[in-house]
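Comments concern the structure below.
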Amino acid sequence: MNRMKELRLKEGLTLKELSDSLNKKYQINISDGQLSNYENGKRNPRDNKVWEQIADFFEVPVFYLKGITEEEIEEIEIFIRNLKNKH
C-alpha cells in the first residue's frame, strides 16, 4: 500500500485540498475520488508522471510514496543485474 494517505494526513490536507493543490501546482486534474482510489490501492495513475508529481508535492521519492522499501529496491536491482548477466 502506498503512503499517500499517511503523508496527506500528516500535512493536514483533505482529499479535496490535495486535489486542488496538485491542480494549482502542476496543472493536473485528479479528483478527490481518484486520489482516494490511489490511497486505498484500488487504482493507480496510468501515467508515472502523476506519481512523480505527487511525490514531488510531498517532497519524497516515488518509491517511498508507492510504499516500496529500500530493501525491495535492492532486491529488484540484484534481480535485474542477474538477468543482464545471463544474456
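The values are calculated or read from the model by the stated rules, or taken from the named source; none is laboratory data. Just so it is clear, the structure is predicted and the values come from calculations on it, not from any experiment. Here Cβ is always computed from backbone atoms with ideal geometry, including for glycine, and neighbour counts include all displayed protein chains. SASA here: full protein model, heavy atoms, side chains in, ligands and nucleic acids out. Shrake-Rupley method; radii C 1.70, N 1.55, O 1.52, S 1.80 Å.
Given the criterion more than 21 Å from Ser31 (Cα to Cα) and out of contact with any Lys or Arg (no Cβ under 7 Å at 6 or more places or on another chain), identify the matching residue among Lys86, Lys42, Lys66, Lys49. Lay out the reasoning, then the answer.
On the way: Lys42 fails: more than 21 Å from Ser31 (Cα to Cα); Lys66 fails: more than 21 Å from Ser31 (Cα to Cα); Lys49 fails: more than 21 Å from Ser31 (Cα to Cα).
From the options Lys86, Lys42, Lys66, Lys49, the qualifying one is Lys86.
Which of the residues belonging to the range 44-81 are of a type in the set (S, T, N, Q) and open to solvent by less than 80 Å² (accessible area, probe 1.4 Å)? I'd like the intermediate steps shown before the answer.
Taking the range 44-81 first, the residues of a type in the set (S, T, N, Q) are 44, 48, 53, 69.
Residues satisfying the conditions are Gln53, Thr69.
In the range 1-17, what count of residues is obtained for those that are under 13 Å from the mean Cα position of the chain (by Cα) and of a type in the set (A, V, I, L, M)?
The qualifying residues number 3.
Anything in the range 25-43 that is closer than 22 Å to Pro61 by Cβ and open to solvent by 100 Å² or more (accessible area, probe 1.4 Å)? List them, or say none.
Those that are closer than 22 Å to Pro61 by Cβ and open to solvent by 100 Å² or more (accessible area, probe 1.4 Å): Lys25, Arg43.
Within the range 8-24, is even one residue touching a residue at least 24 places away in the same chain (Cβ under 8 Å), open to solvent by less than 80 Å² (accessible area, probe 1.4 Å) and not in a helix (DSSP H, G or I)?
No, because not a single residue in the range 8-24 is touching a residue at least 24 places away in the same chain (Cβ under 8 Å), open to solvent by less than 80 Å² (accessible area, probe 1.4 Å) and not in a helix (DSSP H, G or I).
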